[in-house]
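Structure, as structure tokens:
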Amino acid sequence: MTENLVSTAAVKTPILGVSIDIAFEHFNLAINHSIELSGIVGIFGQSGSGKSTLLRIIAGLEKCANGKVSIENRVLQDNVSNTFIKPENREIGLIFQDNRLFPHLNVYENLAYAVKRTPQGKLSIEQVLELTQLAELKYQDVTSLSGGEKQRVSLARALLAEPRLLLLDEPFSALDKKTKAHMLQIVKKIQQQLNIPMLYISHSISELQFIAKQLIIMSSGKIDYIAPTHQAIHRLNNIDDIAVKTSLSLSIAEHLADFGLTRLSFADTSNSVYLPLLEHDSKQSDIGQLLPCIIYARDISISTTKPEHSSIVNQLAGNISEINQGATSAIIIVQCSQQKFYAQISLWSATRMELAIDLPVYIQFKANAVHSFHLTEPTNHA
Amino acid sequence: MTNTAADILALTTTLKMAAITTVILLVIGTPLAWCLANMKSRFKVVFEAIVALPLVLPPTVLGFYLLLAFSPQSLPGQLWQTATGSQLAFSFSAIVIGSVFYSLPFVVQPLQKAFEQLGEQYLEAAAMLGAGPLDRFFSIVFPLTKASFITAAALGFAHTVGEFGVVLMIGGNIPGETRVLSIALFDHVEAFNYSNAHVLSAGLLVSSLILLSSVYLLGGKFNRRSVAKKVLKS
């Protein structure tokens, strides 16, 4: 039923132009960027970095906004030509952190609210209920739903308004990890099926790493840079209060149920990485899928000889490409074929082992040092 | 006319006055309450004080100024006379206008409080789904603040029924026109006609009690429901 929703035509990537400079009470928001809206673009920043304000400006909810916002040729606001398209006419959807379902309407009526105001809409409530796995909750009172269910209704309602751009403002930050993983999968799948560009805000790097292809990194009201996800996360390693990590995508090779492990493989080498067994269906239909993973630098150790008598399952050979000394520890960047790994070791070890650029080393990390929101679709949605 | 017939006429005049006043108050009180709820100016308190004035002023003060304004010598009175061909002071229209001023805070205050509590969140969500301002008012604001509309209307109505001073100053005592229950009661007492006075007093007392009880009952029901919803939501 949902297959026919997939847009087969090659759609040109729309460009969002934002050029604003506004002084708020606590910070200045100064942005002058063109953002390619392809797939899900993540926005990362600490709280107070201005990311929510940026989304509210794009949505048209900040009336004082000074500057220009446009999508392709359509000017949404421009204080030079005195244009301001009201939020209700922007064809932009916004999913709030606090769901904002209308408490006087049930699930179906909340969805119908959007349909009624979208005369040209092509999606039906039934289709969207199926996409968001809400069919069984159709006539429930929204106040009786769980946090994850509420956000699914909120997502369904936003989709039914058929926006040209969907903004998500930390929609799942209040949910537990398992529910969040489920929601992220739903959003990712819907994005691919309906081909709606999305801007997704979060202060969780792992969440963004799982869902976004591109990341916008913001701090103190400015966009620091826009880059492909893994690259953007590695650049964040230079910031003091962010834990240093390796971000990479590997394909699922096999599920080793007897050992409680799943094996991931690199595209370019025969190396493998093992992590705790992922939830999977009996057909193992996820084999070959790319899994975004994160390995914290503090979980990776370095050995100058091949560790043959170790319990640690992940061992990769590489060469040191960079050494960054800190006050008490050093970040060693090890190049294993095409992939960079970040390892954090004590200065004492770095000195004792006489680590140097180009030195061949082995990196080691345990299976449960590999973190990911697992991909496999739960077989029942109860 | 017998005393009873006169009292029934006073009752219908009162009900008519209160009903028309309540409708007018809802029509002008709602946008006024909305403006006050969303006003960010530091002069907001001044406007709030103006709306609240009838709560503390003796009704005769309000009545006195309205009487001056309604007289054919003053501009409002003249404009009215040119427009309608009849005098404004001592007319049914005069006591309705007087009542609107007099009962304004009873309608505006509960609505303003309800609008302030409702906040922006649902309205922003509705706007993002394509609802314009009027649409948002009728599809979101009104259903979520229904209890306060009922309270506001009932308080406005009950307070207008109980009005005495303003009517006396600007309406006089014309049967079928401006002679309302409170004035009929005053007449009975002046004439030592205590049995009729008892009927009117007890009648007003009991009907006001019933009206207010039903308001609190309804308001309680609605509020409990919306409170429960808020708690569940968070």
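The values are calculated or read from the model by the stated rules, or taken from the named source; none is laboratory data. Note that the coordinates shown come from a computational prediction; the quantities given were computed from them, not determined experimentally. Here Cβ is always computed from backbone atoms with ideal geometry, including for glycine, and neighbour counts include all displayed protein chains.
For the stretch B:150-166, indicate whether the set of residues that are within 14 Å of another protein chain (Cβ to nearest Cβ) and surrounded by 21 or more Cβ atoms within 10 Å (Cβ to Cβ) is non-empty. Looking for residues that are within 14 Å of another protein chain (Cβ to nearest Cβ) and surrounded by 21 or more Cβ atoms within 10 Å (Cβ to Cβ), one finds none in the stretch B:150-166, hence no. Could you tell me whether any residue of the stretch A:331-341 is within 22 Å of A:ALA267 (Cα to Cα), touching a Phe, Trp or Tyr at 6+ places or on another chain (Cβ under 7 Å) and modelled with pLDDT of 95 or more? For the stretch A:331-341, residues within 22 Å of A:ALA267 (Cα to Cα), touching a Phe, Trp or Tyr at 6+ places or on another chain (Cβ under 7 Å) and modelled with pLDDT of 95 or more: present.
Return the only residue of A:LEU105, A:LEU134 being in contact with a Lys or Arg (Cβ under 6 Å, 6 or more places away or on another chain), free of Cβ contacts under 8 Å to residues at least 40 places away in the same chain and assigned by TED's automatic domain parsing to the domain that holds A:ILE20. First the steps, then the outcome.
Values: A:LEU105 fails: in contact with a Lys or Arg (Cβ under 6 Å, 6 or more places away or on another chain).
On inspection, the qualifying residue turns out to be A:LEU134.
Of the residues A:SER47, A:SER52, A:SER81, A:SER124, the single one that is loosely packed, with under 14 Cβ neighbours inside 10 Å, in the same structural domain as A:GLN185 (by TED's automatic domain parsing) and closer than 27 Å to A:ILE205 by Cα is A:SER47.
Within the stretch B:123-149, if we keep just the residues that are at the interface with another protein chain (Cβ under 8 Å from one of its Cβ atoms) and either touching a Pro at 6+ places or on another chain (Cβ under 8 Å) or basic (Lys, Arg) (or both), the residue that is surrounded by the most Cβ atoms within 10 Å (Cβ to Cβ) turns out to be B:MET128. Applying a threshold of 6 Å to beta carbon distances and a minimum spacing of six or more residues, or different chains, the list of pairs starting in the stretch A:55-74 at a residue that is within 14 Å of chain B (Cβ to nearest Cβ) and ending at one that is in a strand (DSSP E or B) and of a type outside the set (A, V, I, L, M) reads A:LEU55/A:ASP169.
Only one entry in B:GLN109, B:GLN87, B:GLN78 is outside any helix (DSSP H, G or I) and either over 30 Å from A:LYS86 (Cβ atoms) or more than 14 Å from every other protein chain (Cβ to nearest Cβ) (or both), namely B:GLN87. Here A:PRO87 does not fit the description of being within 12 Å of chain B (Cβ to nearest Cβ), touching a Ser or Thr at 6+ places or on another chain (Cβ under 7 Å) and modelled with pLDDT of 90 or more.
So, in the stretch A:273-302, exactly how many residues are in a strand (DSSP E or B) and not small (Gly, Ala, Ser)? It would help to see each step written out before you state the result.
Keep residues of the stretch A:273-302 that are in a strand (DSSP E or B), which gives A:273-276, A:290-296, A:301-302.
Next, only the ones that are not small (Gly, Ala, Ser) stay: A:273-276, A:290-296, A:302.
Residues that pass the stated criteria total 12.
A count restricted to the stretch A:211-234 and to residues that are closer than 22 Å to A:ALA369 by Cβ and surrounded by fewer than 15 Cβ atoms within 10 Å (Cβ to Cβ) stands at 1.
Taking the listed residues B:GLY156, B:GLY132, the one that is touching an Asp or Glu at 6+ places or on another chain (Cβ under 8 Å) and not charged (D, E, K, R) is B:GLY132, with no other qualifying. Residues that are buried (at least 17 other Cβ atoms within 10 Å of the Cβ), over 13 Å from A:ILE300 (Cβ atoms) and free of Cβ contacts under 8 Å to residues at least 40 places away in the same chain within the stretch A:310-367 comprise just one, A:ALA350.
Within the stretch A:196-206, can one find any residue that is touching a residue at least 60 places away in the same chain (Cβ under 8 Å), closer than 30 Å to A:ASP21 by Cβ, of a type in the set (A, V, I, L, M) and in contact with a Phe, Trp or Tyr (Cβ under 9 Å, 6 or more places away or on another chain)? Yes, that holds for at least one residue. Listed residues B:ILE150, B:ILE170, B:ILE210; which is in contact (Cβ under 8 Å) with a residue 12 or more places away in the chain, farther than 26 Å from B:PHE64 by Cα, β-branched (Val, Ile, Thr) and part of a helix (DSSP H, G or I)? Answer to the selection: B:ILE150.
Residues of the stretch A:160-177 that are closer than 17 Å to A:PRO87 by Cβ and crowded, with 19+ Cβ neighbours inside 10 Å: A:LEU160, A:ALA161, A:GLU162, A:PRO163, A:LEU165, A:LEU166, A:LEU167, A:LEU168, A:ASP169.
So, A:THR83, is that one closer than 30 Å to A:VAL18 by Cα, in contact (Cβ under 8 Å) with a residue 40 or more places away in the chain and of a type in the set (S, T, N, Q) or not? Criteria not met by A:THR83.
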